[in-house]
1. What are the residues in region A:319-340 that are touching a residue at least 12 places away in the same chain (Cβ under 8 Å) and polar (S, T, N, Q), if any?
2. Give A:Gly667, A:Gly659, A:Gly680, A:Gly646 a once-over and let me know the one that is surrounded by fewer than 16 Cβ atoms within 10 Å (Cβ to Cβ) and either within 14 Å of chain B (Cβ to nearest Cβ) or in contact with a Cys (Cβ under 7 Å, 6 or more places away or on another chain) (or both).
3. Read through the list (1) outside any helix (DSSP H, G or I); (2) open to solvent by less than 50 Å² (accessible area, probe 1.4 Å), then give the number of the only condition that A:Arg767 fails.
4. From the residues in region A:9-28 that are assigned to a helix (DSSP H, G or I), open to solvent by less than 60 Å² (accessible area, probe 1.4 Å) and not small (Gly, Ala, Ser), which one is nearest to the other protein chains (Cβ to nearest Cβ)?
5. Go through (1) open to solvent by less than 20 Å² (accessible area, probe 1.4 Å); (2) modelled with pLDDT under 75 one by one and return the number of the condition A:Ala68 breaks.
6. Among (1) buried (at least 20 other Cβ atoms within 10 Å of the Cβ); (2) out of contact with any strand residue (DSSP E or B) (no Cβ under 6 Å at 6 or more places or on another chain); (3) facing chain A (nearest Cβ under 7 Å), there is one condition B:Ile195 misses while meeting the rest; what is its number?
7. What are the pairs with Cβ atoms under 6 angstrom where one residue, in region A:516-527, is charged (D, E, K, R) and the other, located anywhere, is open to solvent by less than 20 Å² (accessible area, probe 1.4 Å) and in a strand (DSSP E or B)? Sequence gap at least six, or different chains.
8. Do you know which residues across region A:751-798 are facing chain B (nearest Cβ under 7 Å), polar (S, T, N, Q) and touching a helix residue (DSSP H, G or I) at 6+ places or on another chain (Cβ under 9 Å)?
Amino acid sequence: MDLTPITQRISEKFAALGHQIEPAKVEEKLARMINEFGVPEEEAERSIVSDYSREFGLDEQIHPAVVASDAPDATPIAEVKIGDWATIEGVVTVLFESRSPSVAQSGILADQSGCIRFTVWAKAQAPALEPGVWYRFESAAVDEFNNQPGFQVHSGTAIFPIQHDQLPHIETTPIADLKRGVISIEGKVVSYTERAEGPVHIAGVIADGTGAIRFTIRRGDTTPEIEEGGWYQIEYAVADLYRGAMNLQFNAGTRITQISDDRSLRPAISPIAGIKPGIVCVRAKVLQEYASSSERMFQSGTLGDESGTIRFVTWKDESAERLAPGMAYTIYYASADEFNGRLSLTLNGATCLPDDASAINVSPIPERSAPETATLEGVVTVLFPPRTASIAQTGIFAHQSGVMRLTVWANAHAPVLQAGNWYRLESAVLDEYNSQKNIKVTSGTVVTPLTGEATPQIAISPVSDLKPGLVSIEGKVITYTPHSDGPVKAAGVIADNSGGIRFTIRQGDQVPGIEAGGWYRFDSAIADLYRGAMNLQLNAVTRISPLPGDQNLEPSITQVANIKPGIVCLHVKVVQEYESTSERILQSGILGDETGTIRFVTWKDDNTERLVPGKIYTIQYAAADEYNGRPSLTLNGSAVIPDDAGAIEVKASGDEVIGALVHISPGSGLIKRCPVEGCGRVLTRQNYCQVHEIQPDFQYDLRIKGWLDNGRQTWDTIISREGVEKLLGLTLEGAKEMAENNPLGLETVYYHLCEELLGRYISCQGRVIENRLFTSSCSYLSFDPARHADLLNRSEVTSHE
Amino acid sequence: MSEQTAFQRYEREPAKRVFAAEFRETSYHFKEGSEDKSPTFVLLPTGERCNRVFLVGLLADKKKSEGDAVFYQIKVKDPSGFFFVSAGSYQPEAMHQIASIETPTVEAKPTYVAVIGKPNVFNAPDGRTLVSVRAESVAAVSKEVHDCWILDTATRTLERLEKTEETPDLVKAKEIYKQSSDVWKRMVHEALKTIEI
């Protein structure tokens, strides 16, 4: 194994402290500990570092000793790395309510460089942290928290409050340059509003010559002594992002000093094109005013300057001032927010001073193209309660070539639409929002209800060709299951010779009775995508007529590789059966054919049977879904017919890697895992989990960590228990026994593994992610005579003979 | 913290498959980069760099040198010749493994070994350039592994010979080594013929 990186790290560490160590010596020590004594790499490194530290009398400097030492420098929060044991200094900005008895406190710590989440474990018996107070944490374990570093206070962490006079000095930063973290600024309070209700007690804006920032003080926090119009030096406040904009938080540690000398503030005006979320000053012309779409809105419209345009809104309050269209204004300290991916300015609280309109050359606003209109005949399938007063009705409208969202504007004064009825919508507006099609009934739209003869006839389509919209099909009801509660009254599967489709009937929809096994013609049903699969909705407009005679239904078989969400028929072999993980599961496992494999599950109910592993079945009308991005099959409700005569050679899915196992890392073999749910980290030989500390009730596991190499590429490989068991011909139980009956303990298994597997060619099925391979299915490679013959031919030298 | 440092992965050089006859002719070695810890490579006559090899053959000889520094030397025979493999105190794992493999004798059953190691070019006292393998791991394996290795090594050697792209390594190899590609092709063919069907 390559010990160079560790050797280098150790010798550099001491070189930095003025002690030269010969790398070869370090490497030798490492090699001895790691290779001969099987000491884990990290442990070997620690032990060698402490040996040398003792030798050089450096104990204090290298070891984060648990004393309030002037020893290790704190790591800036922005530079803390996952996996570090770090010393961190900062101020507690927020404490969250603990959700678990094992967590004493959690919150956010900030320093000049940034913010980090922290967790104080109850076991740590640490003193209670207070918001606004600075602390020094020595030996905090840095771990991952939603992909971001977070740190943990455990029993080995030392916590010291930092006195006010010992806080690090923080340079004053111009407001425009603020970054997340603890900061100091000098600025003028340009707005200060006390609110009577809500969690925010005071909100305001502080500005300097470079820009402005919002600040908020929560109810219950101490109110700083500041007034509108005053200049202050504000030290040890915390800047953080809130909805994309920088925000200032005061806390108990924040120091505020009034600046007595007279200063003037020249607000920084930003061009409209350069606006980012936050507080801004602009100089702009009112280009447009919109008709108000809400009771609460005072005015809305568009502002423009030479660089671009932006929407603005003023909500109704005492300070609301109307801007005159065509006039220019300098607007101080408006709030820019992002809404639906577009910036808009809120003018409440801002100061708007009239300006010279002729001085602003507005870049032309792009012409809004005329809305696309269409005339469509279709069915209102469902209506939802509208969310604003400006909308009279919302719902879904299905027509022959699609299903779209329906909006009826209140000012359209259209007749009230009924779900389940046919309508012709003339000159309705079509648009697309969030890639969803919308049809809008405006004052220009003519709405005509259609009944009887007037409703269009829809031609019959094969089930496999259905597209979203109103459709007609002829088919056999394969299953019909009434539901006793929920929004769906009944569900089932209908099939014709081209395929099957799931159908649903909603509660409240009047649909004539149908029975499983019967053939029907369904006129005007609604096909739409639901979770990626085509689904058929039968409702009051659907006309259902029984078809006479007994028709022959021949299920069309789908190959496993071509399965898409929906209803499918398969001819497959049961490749594998999993141990049941849930009370409700009757059976789960893997099915496969020549084209690939798919997971399946059968839930417990009265009339489903278990499949026999290794047997071949024809499965008719099973439901295929996507689960965690991978297709999966539910067999409940499908017909399963054993096929004793057939033969299927199943194609393995996933990646296959063939190579020689050229390295087996320590940490392979029989290992102990942390039993805490969701953790599973490998414990040290002292049963220590780096997060959950000592875990005497660990779980054993078998694995190989190593490198698989095919001569051109190497894979950092993890072979999980099933794979190791198969290669070694040794079960987990057997490995445990082996370890128990040998003085070397767990290492016996490691040595056995190396002896049996190192330098062997194996073939692995699994997942390759970049240069990593995860596999649980491996076998030894055997000599391939066909390949031998081929190579003999290929290596034949024909020339110059 | 940047994503890069958090997810930086260790890229390992693949262990090249090379027959003893080709390996024995290797004389040119170089360093990639100028730092102390930069990897060193040898240039194979078939035109590819190599800083690790995987080889399987018959254990032909085993010597232990006593004295200040303990180290083992073994000879490993493949169909085309011998590899010289050594393991010293810097390769304790390999040393341990070699020590535990039975010394070959005339009567004993043939022992196949798999070796993973680093190529090492050095100048012998008589001025010749010699190449050996500093073992990282050694394992006793079956004849079937050896046969698989011959197929694997034949495949990789032919791939090197059939490569048409004029890589800097290939250009350099043509400049240094005089053998024509037919020599190596014949070597591959002969090696394949030793497998009894």
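1. Pass one, region A:319-340, residues touching a residue at least 12 places away in the same chain (Cβ under 8 Å): A:319-338.
The answer is A:Ser319, A:Thr330, A:Ser335.
2. On the way: A:Gly667 fails: either within 14 Å of chain B (Cβ to nearest Cβ) or in contact with a Cys (Cβ under 7 Å, 6 or more places away or on another chain) (or both); A:Gly659 fails: surrounded by fewer than 16 Cβ atoms within 10 Å (Cβ to Cβ); A:Gly646 fails: either within 14 Å of chain B (Cβ to nearest Cβ) or in contact with a Cys (Cβ under 7 Å, 6 or more places away or on another chain) (or both).
Exactly one residue qualifies, and that residue is A:Gly680.
3. (2)
4. So the first thing to find is which residues in region A:9-28 are assigned to a helix (DSSP H, G or I), and the list is A:9-16, A:23-28.
When the remaining residues are screened for being open to solvent by less than 60 Å² (accessible area, probe 1.4 Å), the result is A:10-11, A:14-15, A:23-24, A:26-27.
Next, from what is left, pick out any that are not small (Gly, Ala, Ser): A:10, A:14, A:23, A:26-27.
Numbers: A:Ile10: 13, A:Phe14: 16, A:Pro23: 9, A:Val26: 12, A:Glu27: 7 Å.
So the residue we want is A:Glu27.
5. (1)
6. Among (1) buried (at least 20 other Cβ atoms within 10 Å of the Cβ); (2) out of contact with any strand residue (DSSP E or B) (no Cβ under 6 Å at 6 or more places or on another chain); (3) facing chain A (nearest Cβ under 7 Å), the lone unmet condition for B:Ile195 is (1).
7. A:Asp523/A:Ser472
8. A:Ser782, A:Ser795
The values are calculated or read from the model by the stated rules, or taken from the named source; none is laboratory data. These numbers were taken from a predicted model, which means no experiment stands behind them. Note that we place each Cβ from the backbone using ideal geometry, even for glycine, and neighbour counts take in every protein chain shown. Heads up: the accessible areas ignore ligands, DNA and RNA and are worked out on the full protein's heavy atoms, side chains in. Shrake-Rupley method; radii C 1.70, N 1.55, O 1.52, S 1.80 Å.
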